[in-house]
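Chemist: I'd like to ask some things about the structure below.
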Amino acid sequence: MKNKLSDNNQIRVVSTFSELVNSNFQGDMNAICWYRNLVGDFKEIMAKLELKENITGVSVEDLLALKLSEKGNLAREIILKDMQILTDFGASPSLNLLKSYERDEELDFISTDVYSYHIDRSPIETDTFLCTYYGPATDILPHDQIEQKILITEIRAKLKKLHDGPESEFETFLEDNFFDLHYQPKPNTKPVNLGSGHLWRLAVDHPMQQALPCVHRAPAEKDGEYRLLLIC
C-alpha cells in the first residue's frame, strides 16, 4: 500500500485489522496504521450527540438511539464494527465526544497534560489503539526529534528545587508525578498527523516492550471544534 505514511520509518502501514494487531513493533517503528478511506457522514453523528461535559463518553446505546441519514448510518455501522472487533480482540474501546482535555497549568516550566508530547506507560503488556473519526487528530514524533523534558538543564534544575528532598528519591519523584513521560520537540521538527479514519496502534512503555514507545500529543482544539475519537 503506497501513501505518504509508507515512507516514514516510524510507521508501518497495513491493510487489515489482523495485520494491525499481529505486527511487531521493532526499533524506531512504533506506530502501525490500518490505513482506511472511510465512507459515511461522521460529522452528522458528532452533531447529533449531546456534549454533556468536556469529555463525553458515547455508548453503543447512545449511537443506536440516533436518527441518522443513510450516510450517517454508514458511519455509525463503521464505528460499531470497530468497537466490536477491538472488544473481541480483548481491548476496552471508548468512544468519546471531545471538546477539550483538562490542561495542566500548575507549573509554568513543564506541562504534563496530553497536549504535551508524551508516551503512555503500563505495568503490563498493552498497546494504545485510537481512531479519529472527525475533528483534529493526534500528532506523533520519532525519538530523534525530541528531548526528554527532565533532561533539559533548566527544567531539571527547577524540578530539583520543587522536589526539595533527598537526591536518592529524585528519580522516584519524577516518575510519581509523570514528569519523565513528557518530551520537548527539537527545533524544526516535523510531526506526523494521524489523520481521520485510520485505526492506529501505538507502542506503550511496558516491561516487555521491544521498541521505543510512541511519542504523541493531542491536538489543540479550536473554539467550537469537537472531536469524535475511539481510544483504548
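Chemist: For segment 177-232, what are the residues that are within 19 Å of ASN24 (Cβ to Cβ) and out of contact with any Leu (no Cβ under 9 Å at 6 or more places or on another chain)?
Modeler: VAL204, HIS206, PRO207, MET208, GLN209, GLN210, ALA211, LEU212
Chemist: Another one. Being exposed (fewer than 14 other Cβ atoms within 10 Å of the Cβ) and either free of Cβ contacts under 8 Å to residues at least 60 places away in the same chain or not in a loop (DSSP other than H, G, I, E, B) (or both) is the filter here, so list the residues in segment 24-34 that pass it.
Modeler: GLN26, GLY27
Chemist: Residues to consider are GLU154, GLU175, GLU147, GLU169; find the one that is in contact with a strand residue (DSSP E or B) (Cβ under 7 Å, 6 or more places away or on another chain) and either modelled with pLDDT of 95 or more or assigned to a helix (DSSP H, G or I) (or both).
Modeler: GLU147
Chemist: Could you count how many residues in segment 187-207 are assigned to a strand (DSSP E or B) and farther than 23 Å from VAL39 by Cβ?
Modeler: Total satisfying the criteria: 4.
Chemist: Going through segment 84-112 one residue at a time, which ones are without any contact (Cβ under 8 Å) to a residue 40 or more places away in the chain and open to solvent by less than 50 Å² (accessible area, probe 1.4 Å)?
Modeler: Result: ASP104, single match.
Chemist: Quick check on my filter: what residues within segment 121-135 are part of a loop (DSSP other than H, G, I, E, B), surrounded by fewer than 18 Cβ atoms within 10 Å (Cβ to Cβ) and either free of Cβ contacts under 8 Å to residues at least 24 places away in the same chain or in contact with a strand residue (DSSP E or B) (Cβ under 8 Å, 6 or more places away or on another chain) (or both)?
Modeler: Selection gives SER122 alone.
Chemist: Of LYS71, LYS52, LYS81, which residue is open to solvent by 90 Å² or more (accessible area, probe 1.4 Å), in contact (Cβ under 8 Å) with a residue 12 or more places away in the chain and farther than 30 Å from ARG156 by Cβ?
Modeler: LYS71
Chemist: Output the residues belonging to segment 152-170 that are open to solvent by 80 Å² or more (accessible area, probe 1.4 Å) and within 12 Å of ILE110 (Cα to Cα).
Modeler: Of everything in segment 152-170, those that are open to solvent by 80 Å² or more (accessible area, probe 1.4 Å) and within 12 Å of ILE110 (Cα to Cα) turn out to be GLU154, LYS158, LEU162.
Chemist: Please specify each residue of segment 95-116 satisfying the condition of being in contact with a helix residue (DSSP H, G or I) (Cβ under 9 Å, 6 or more places away or on another chain) and closer than 23 Å to CYS214 by Cβ.
Modeler: LEU95, ILE110, SER111, THR112, SER116
Chemist: I'd like to verify a number: residues in segment 186-206 that are surrounded by 15 or more Cβ atoms within 10 Å (Cβ to Cβ) and either of a type in the set (Phe, Trp, Tyr) or in contact with a helix residue (DSSP H, G or I) (Cβ under 6 Å, 6 or more places away or on another chain) (or both), how many?
Modeler: Of the residues in segment 186-206, 2 are surrounded by 15 or more Cβ atoms within 10 Å (Cβ to Cβ) and either of a type in the set (Phe, Trp, Tyr) or in contact with a helix residue (DSSP H, G or I) (Cβ under 6 Å, 6 or more places away or on another chain) (or both).
Chemist: Continuing with this model, one more query. I need a count of the residues in segment 168-225 that are at positive phi and touching a residue at least 60 places away in the same chain (Cβ under 8 Å).
Modeler: 3
Chemist: Also, quick follow-up: I'd like the full set of residues that are surrounded by fewer than 17 Cβ atoms within 10 Å (Cβ to Cβ) and within 22 Å of LEU130 (Cα to Cα), limited to segment 171-184.
Modeler: Within segment 171-184, PHE178 is the sole residue that qualifies.
The values are calculated or read from the model by the stated rules, or taken from the named source; none is laboratory data. Here the structure is a predicted model, which means the values were calculated and not measured. We place every Cβ from the backbone using ideal geometry, glycine too, and count neighbours over all the protein chains shown. Heads up: the accessible areas ignore ligands, DNA and RNA and are worked out on the full protein's heavy atoms, side chains in. Shrake-Rupley method; radii C 1.70, N 1.55, O 1.52, S 1.80 Å.
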